[in-house]
Amino acid sequence: MYNRSPSVFYTDGSARKLGEQHVHEPWAEVGAWFIGPKGENGDMFRDLVMRAIDHHIEFRHTYYPSDPAFVTDEMKESVCYKETKEKIEMELEKLLAEMDKSVPFFSTRYKVYKLK
């Protein structure tokens, strides 16, 4: 059985015994960079992506604010716009369905299976 050492390592290369202040677990730091095999960080990633999109939309609103809008309410009400929007949504659904068929490289279970 795997037993972790009672020491932990810091990014500066130093090590300290468990129980000391500011314990750093390198695997926890790495875990923050990924969605996680079960989507454990899904809320954080969703928030980060939405913040980026919201920030960019706000940037566009404030960039030469006196310029007229290109995509108007009238345009959004047109049949052509609505059909194109529906097509985009359908293509996204197709893409998501295809992505569900992709190799689950994120899964430890898949990695172990490939090692057999």
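Read the figures in this text as sums done on the coordinates, not as results from a lab. Quick caveat, the model's predicted, so the values are computed rather than measured. Cβ atoms come from the backbone with ideal geometry, glycine included; neighbour counts cover every protein chain shown.
Quick look at the numbers
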| quantity | calculated |
| --- | --- |
| Selection count where residues are in a loop (DSSP other than H, G, I, E, B) and either at positive phi or of a type in the set (Ser, Thr, Tyr) (or both), scope the stretch 58-83 | 5 |
| Single residue of the stretch 64-116 satisfying the filter (over 27 Å from Asn41 (Cα atoms) and β-branched (Val, Ile, Thr)) that is farthest from the chain's Cα centre (by Cα) | Val79 |
| Selection from the stretch 78-108 of residues that are surrounded by 10 or more Cβ atoms within 10 Å (Cβ to Cβ) and under 21 Å from Phe34 (Cβ atoms) | Pro104, Phe106, Ser107 |
| Hits in the stretch 29-44 (condition: in a loop (DSSP other than H, G, I, E, B) and β-branched (Val, Ile, Thr)) | Ile35 |
| Residue among Arg51, Arg46 that is surrounded by 11 or more Cβ atoms within 10 Å (Cβ to Cβ), within 16 Å of the chain's Cα centre (by Cα) and of a type in the set (D, E, K, R) | Arg46 |
